Amino acid sequence: MSNTAILEIDGKKYEFPVIIGTENEVAIDIDKLRGTTGAITLDPGFKNSGSCKSDITFLDGEKGILRYRGYAIEELAEQSNFLEVSYLLIFGELPTQAQLEKFENDIRKYTLVNEEMKNIIDGFPKNAHPMGILASLTSALTAFNPQQVNVGDDKQLYDAVCKAMGKFLVIATWTFRKNMGYPLNYYDNTKGYVENFMRLMFELPTGPYKPNPTVVEALDKLFILHADHEQNCSTSTVRIVGSSHAGLFASISAGVSALWGPLHGGANQAVLEMLEEIQANGGDAEKYIAKAKDKDDPFRLMGFGHRVYKNFDPRAKIIKKAADDVLAELGVDDPVLSIAKKLEEAALQDDYFKARNLYPNVDFYSGIIYRAMGIPTEMFTVLFAIGRLPGWIAQWKEMRLNKEPIGRPRQVYTGSPLRPFVKQDQR
Ligand code: SDX
């Protein structure tokens, strides 16, 4: 592979360096492009453009590979746990037992959310979407933690990481409690992180609550599978907002808003709503496959397709198996699961989907498990956000420590040429 790329514009040749990644990905470094040629590139949706170099996550869309800091997602899902994977993503190495215990205890220092935050959540209408509340509360955390983090100070950065991990989980569950009219719960520092999620969500003051260990184990695995995914829409949002040196909470709040979209993390809610609609209309999967293929119909098969994966999303494979195990363990017979499998089978045999390499993605089966766990549909994307939090933190930290420049893309102007102002009585 040559270490330079040649670009010819108007008969003049320009050379640009070629960068090779760990897994032999090839990138043309166009840092000097405009300065030497006067030209820019144009790439709507950044389908062909790398925004950064990163040591955190590697994925190969053609081969269906996903690794966090070099470790295969299949091994992490099988042998690790969410807090350990969070540590790995954020600090770069699997922790020793002592390091993990310290991390968990340091997170526990910040699990109490300022009581005045309750005034903010009380201002929302009862039926407000949990993702809108979560984005607002996350941004509001800045007001209660106003000190700008000096990323050059290891301890300040570490404390900010633990604060984000501790408080985000609590306010994420408050969105559900608000919706249900329940009192807001507190984190129990004697319990585990994922077990606390279940308690924060479902424990009521009127009686004892013991989370089902099968559910806690399955959720831990789901959070691992959602923990990072290189430069996806919401992570790129966190990086670009952070590149202006906006704080960690402000950057995460922006990531929550980006994740909310039905083309991104909001797809897990949209999948369940689609499957329930198919069920309500007689379970005719073929009819919805036809709708998805009809260019005049805006309907898309939610949970299918991916910007990067042109093969099976490795996470979808793991979640599909977990769906079978969890529903069997909980004794849940959800007809929507069989509709999902029927839909998947039909789509994978259909030429339209095969020609476009459209496979089930991480969102296709996750909602089925969440529903079996008693999680309401509108909370599915909040769970995605809880899983993705360590990835957002890791990517924000890497961007700041690498002293990356403020993100400010160029454009191709196609509007009106210069024209004189026209007085109102002459328009
Ligand atoms: C996530 O980036 C990440 O890593 C995201 C994520 C993460 O972990 O952060 O993996 C999480 O967001 C997963 C994706 C969840 N979204 C959905 O399930 C929504 C449904 N899928 C899509 O809308 C779509 O597939 C995207 C948005 C995911 C990807 O869109 P692209 O890469 O921009 O592809 P495209 O829209 O250009 O589609 C290419 C072709 C088009 O047809 P043609 O114009 O070539 O004829 O495929 C078609 C599209 O119409 N197509 C679909 C389809 N997805 C793409 N047709 C029907 N149903 C679909 N779901």
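Every number in this text was worked out from the coordinates using simple rules, so none of it is lab data. All of these numbers come straight from a predicted model, not from anything done at the bench. Every residue, glycine as well, gets a Cβ built from its backbone with ideal geometry; the counts of neighbours run over all protein chains shown.
For this structure, a couple of remarks:
- Using C-alpha pairs under 8 Å with a sequence gap of at least 6, the mean separation divided by the residue count of region 1-114 gives a relative contact order of 11 percent.
- Going from the residue with the fewest nearby Cβ atoms within 10 Å to the one with the most, THR96, THR175, THR142 rank THR96, THR142, THR175.
- In a DSSP loop and with at most 12 other Cβ atoms within 10 Å, the trypsin sites (Lys or Arg not before Pro) in region 293-332 are LYS295.
- Cα-based equivalent ellipsoid of region 1-123: semi-axis lengths in Å, sorted from largest, via gyration tensor: 42, 23, 13
- FRET efficiency, GLU25 to ASP153 (Cβ-Cβ, R0 35 Å, nearest 0.05): 0.55
- Dipole of the chain, positive end: most advanced residue of LEU301, GLN97, VAL256 [Cβ charges, Cα centre]: VAL256
- Gaussian network model of the chain, Cα within-10 Å springs - most flexible of GLU23, GLU286, GLU78: GLU23
- Only Lys, Arg (+1) and Asp, Glu (-1) charged, at Cβ; the chain dipole about Cα centre in debye: 1380 debye
- Summarising the label geometry, the points placed 7 Å from Cα in the beta-carbon direction at LYS191 and GLU277 lie 3.6 nm from one another.
- Shape parameters for region 155-197, alpha-carbon atoms, Rg then Dmax in Å: 12.0, 39
- Loop chymotrypsin sites (Phe, Trp or Tyr not before Pro), region 240-297, which have at most 16 other Cβ atoms in a 10 Å radius of their Cβ (DSSP): none
- Dimensionless Rg ratio for the chain, taking C-alpha atoms and the 2.2 N^0.38 Å reference: 1.06
- Taking every alpha-carbon pair under 8 Å whose residues sit at least 6 apart, the chain reaches a relative contact order of 20 percent.
- Candidates per trypsin sites (Lys or Arg not before Pro) in region 40-106, loop by DSSP, up to 15 other Cβ within 10 Å: LYS47, LYS53, LYS63
- Filter on LYS221/LYS320; LYS155/LYS221; LYS155/LYS403; LYS210/LYS321; LYS317/LYS397; LYS63/LYS317 - keep pairs with C-alpha separation over 23 Å: LYS155/LYS221; LYS210/LYS321; LYS317/LYS397
- q = 0.10, 0.11, 0.13 Å⁻¹: log10 I(q)/I(0) that the Debye formula gives for region 280-427, counting C-alpha atoms only: -0.56, -0.64, -0.78
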